[in-house]
1. Test of understanding: in a Gaussian network model of the chain with alpha carbons linked when under 10 Å, which of N24, N151, N202 would top the mean-square fluctuation ranking?
2. Relative contact order of the chain, please, whole-number percent, based on alpha carbon pairs below 8 angstrom and at least 6 residues apart.
3. How much length is gained if the chain between Q226 and A243 is pulled fully straight, taking 0.36 nm per residue apart and subtracting their Cα-Cα distance, in nm to one decimal?
4. For a quick check: sort V237, V82, V51 by the number of other beta carbons within 10 angstrom, fewest at the front.
5. Read through the labelled values (1) 17.3; (2) 12.1; (3) 15.9 and report the label of the one computed as mean projected area of the Cα convex hull in nm² from the structure.
6. Over all directions, the average projected area of the alpha-carbon convex hull for the stretch 1-84 comes to how many nm²?
7. Students often get this wrong: which residues of the stretch 78-119 have the backbone nitrogen under 14 Å from the point 7 angstrom along Cα-to-C-beta of L163?
Amino acid sequence: MRATQICSAVLSSDGQILATGSENNIAQLWRAADGVLLRTLRGHTDMVQSVALSPDGRILATGAADKTVRLWRVPSGKPIGVLWGHMDWVSSVAFSPDGQTLASGSWDETAILWRVSDGTLLYTLKRHASRVTGVAFSPDGHILATASGDNTVLLWRVADGKLLRTLKGHTAGVLSVAFSPDGQILASGAGDGIVRLWQVSNGALLRTLEGHTEDVDNLAFSPDGQVLASGSLDGAVRLWQVADGAPLYTLEKCMDWVYSVSFSQDGQVLAVGSLNGDVRLWLG
């Protein structure tokens with residue numbers, strides 16, 4: 001399937017729907033099985049930087065360079081509302097595991113926690129010294145990880161927005177974060193081309209995964225937590241064994257500028273999106 005200049009892509013938990021966000025200000029819903037376009041969602045006035053589907057697959061959140069977050073019904077594509085609060089590009093969005101809270105990260109150096117049911121702004125998280133480029137909830141929904149251009153990852157308590165821990169080690173801006181399914185490990189990818197694995201409980205650096213030659217923009221754990229996928233601007237998608245950090249497989253130069261990787265719930269499909277508009281589904 002192809003969409004113009006894709007910036008983000010995500011599979012629904014059941015692997016039936018693929019959502020994409022594009023440089024031409026739109027989000028789209030596709031049938032994953034055969035690539036049929038289901039809906040085109042219009043409303044943003046600048047490029048759609050990030051997309052996220054709620055755990056039940058019924059709501060799509062989109063974050064854009066127009067400084068807004070929008071919520072949409074799935075599969076109808078009907079708009080639910082617009083969330084205002086950021087002062088610059090919204091670079092990342094993520095739903096909590098229970099679907100009740102949405103996190104957004106922005107180039108304004110903040111992350112915001114929103115209540116999904118009515119769009120209420122709950123907490124604005126302000127401790128980064130540069131743009132926030134990625135957000136991810138722990139599987140139990142208690143912790144939010146934020147990645148930033150200040151080379152750090154911050155861990156926050158969702159219940160009250162309190163900063164819990166700062167993870168330092170990257171030598172360039174951190175661009176992506178992802179929790180393992182058991183919540184014990186956090187992966188971070190950065191502009192130094194390196195992926196780091198951290199122990200969430202104490203912030204200890206567990207492993208450093210080297211192989212990419214450019215920015216690592218997206219990360220995804222397989223549902224069983226045994227494999228980590230990393231997508232990079234070098235055009236490669238790399239699969240790593242989480243237990244020891246060993247490289248398993250490389251989809252070498254499979255696309256230009258890989259901006260998103262996402263596993264289906266059964267781990268049998270990996271969706272890969274790139275800026276040139278390609279979305280490919282790799283079968284396990």
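Rule-based calculations on the coordinates, nothing more; no lab input. Only a predicted model underlies this, so the values are computations on that prediction, with no experimental measurement involved. No Cβ is skipped: glycine too gets one built from the backbone with ideal geometry, and neighbour counts run over all protein chains shown.
1. N202
2. 12 percent
3. Working: separation 17, 0.36 × 17 = 6.12 nm, distance 0.69 nm.
So the extension gain works out to 5.4 nm.
4. Ordered by Cβ neighbours within 10 Å, fewest first: V82, V237, V51.
5. (2)
6. Details: hull surface 18.4 nm².
Mean projected area of the Cα convex hull: 4.6 nm².
7. Residues 109-111 qualify, since their backbone N sits under 14 Å from the label point.
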